[in-house]
Amino acid sequence: MSLIVMKYHYMREYWCPDKVYVRRRPASREGGDGAKERYRNLAIFYVATYSAFYLFDYIENALSLSFGLKIASGFALDAILFLLVYALSESGGYWSPCLVGFRRTGTLSAFVWANAFLLPDTLTLLFRLYAYGQASILALFYFPTPSSPPLWYPLYAVSFWIAGGIAVFPLLEAFPYESLKDVRKRYAIPLVVVLWAGIYNAPLVVGVINLRPDDIFFFDFLFLVAYVKSRNSIGLVLAYVLAESPVWYIIAVSWGVRILSIGIVVRALLSVACVGILVFQYWRSHGNDQKSRATHT
């Protein structure tokens with residue numbers, strides 16, 4: 001086997017394992033394994049990302065872009081940042097799709113963890129629906145839409161928030177976390193959360209009043225924890241789109257309020273089921289550990 005092929009197989013195993021846990025070289029604990037280069041590339045990424053996000057936000061507000069153009073600009077921003085991640089990591093010789101959480105395994109696990117974390121939110125919405133009615137939910141979810149949106153308008157909403165989800169979870173959560181693989185979780189997670197919050201809703205321009213603590217807590221912190229558990233960002237994007245309230249508002253005004261009510265009930269049941277799955281997995285693994293210990297005693 002040639003050196004090039006050996007290097008490819010090693011990097012593939014190192015960056016994109018079949019299991020959740022990442023194999024680390026012993027030297028990486030001492031700051032080796034190209035740690036300085038990864039940190040430098042991550043710093044370049046954040047400088048470019050902050051600049052691009054604030055520039056795109058300024059253009060959207062200054063030109064009052066239509067919903068369709070906002071979707072196009074969102075996917076254009078995703079493409080630019082993906083190219084930047086690829087160029088930086090490829091120059092360091094450590095590029096892999098797993099660097100942004102694109103793995104063949106873990107999609108369902110990420111989706112389950114994310115929806116389990118959303119249980120308080122989904123149950124609150126369910127209580128509000130039955131206590132105060134559909135009008136209360138519509139007022140809470142309000143998002144500017146045309147007076148008579150066409151039936152296909154929800155596809156715009158799904159596309160728009162898919163673009164946002166791709167920017168957030170593969171690029172602003174998975175890539176920084178994987179780049180900080182030598183840093184302990186207790187430090188890496190808060191750092192990624194704070195840097196993500198600095199971009200969300202452009203607080204450095206419009207002020208911190210535009211920050212939404214609930215979004216930062218759920219989509220920034222808890223979804224990052226879900227990524228750490230699953231090492232997959234695709235499931236997080238799916239869970240994010242399903243959880244975004246403007247998506248459901250646009251669906252309600254386009255297809256009827258009954259769809260909104262059904263969606264809230266289904267989301268609550270889904271979150272309960274996901275919590276049940278995680279509890280069952282913990283109980284089963286804990287039971288297997290006890291049996292294994294009993295066997296070896």
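Residues of segment 43-64 that are at pLDDT below 85 and hydroxyl-bearing (S, T, Y): Y58, S64. Take L84 and decide whether it is in contact (Cβ under 8 Å) with a residue 60 or more places away in the chain, surrounded by fewer than 21 Cβ atoms within 10 Å (Cβ to Cβ) and not in a loop (DSSP other than H, G, I, E, B). Answer is no for this residue. Residues that are at pLDDT 90 or above, buried (at least 19 other Cβ atoms within 10 Å of the Cβ) and of a type in the set (A, V, I, L, M, F, W, C): does segment 207-216 have at least one? No: segment 207-216 contains no residue that is at pLDDT 90 or above, buried (at least 19 other Cβ atoms within 10 Å of the Cβ) and of a type in the set (A, V, I, L, M, F, W, C). Against the list (1) free of Cβ contacts under 8 Å to residues at least 60 places away in the same chain; (2) within 23 Å of S159 (Cα to Cα); (3) exposed (fewer than 14 other Cβ atoms within 10 Å of the Cβ); (4) not polar (S, T, N, Q), the condition G68 fails is (1). Being at pLDDT below 95 and part of a helix (DSSP H, G or I) is true of Y156. So, of the residues in segment 99-127 that are of a type in the set (V, I, T) and in a helix (DSSP H, G or I), which turns out to be farthest from L278 (Cα to Cα)? Among those that are of a type in the set (V, I, T) and in a helix (DSSP H, G or I), it is V100.
Only one entry of L191, L195, L204, L222 meets the criterion of being at pLDDT 95 or above, outside any loop (DSSP other than H, G, I, E, B) and closer than 28 Å to K36 by Cβ, and that entry is L191. Here G133 meets each of (1) on the phi < 0 side of the Ramachandran plot; (2) surrounded by fewer than 17 Cβ atoms within 10 Å (Cβ to Cβ) with one exception, condition (1). Note on segment 157-174: among residues that are more than 10 Å from the chain's Cα centre (by Cα) and under 15 Å from A79 (Cβ atoms), the one that is surrounded by the fewest Cβ atoms within 10 Å (Cβ to Cβ) is S159. For A76, the stated conditions hold: it is free of Cβ contacts under 8 Å to residues at least 24 places away in the same chain and either farther than 18 Å from Y46 by Cα or not charged (D, E, K, R) (or both).
The values are calculated or read from the model by the stated rules, or taken from the named source; none is laboratory data. All values reported here derive from a predicted model rather than from experimental measurement. Heads up, the Cβs are rebuilt from the backbone with ideal geometry, glycines too, and the neighbour counts pull from every protein chain shown.
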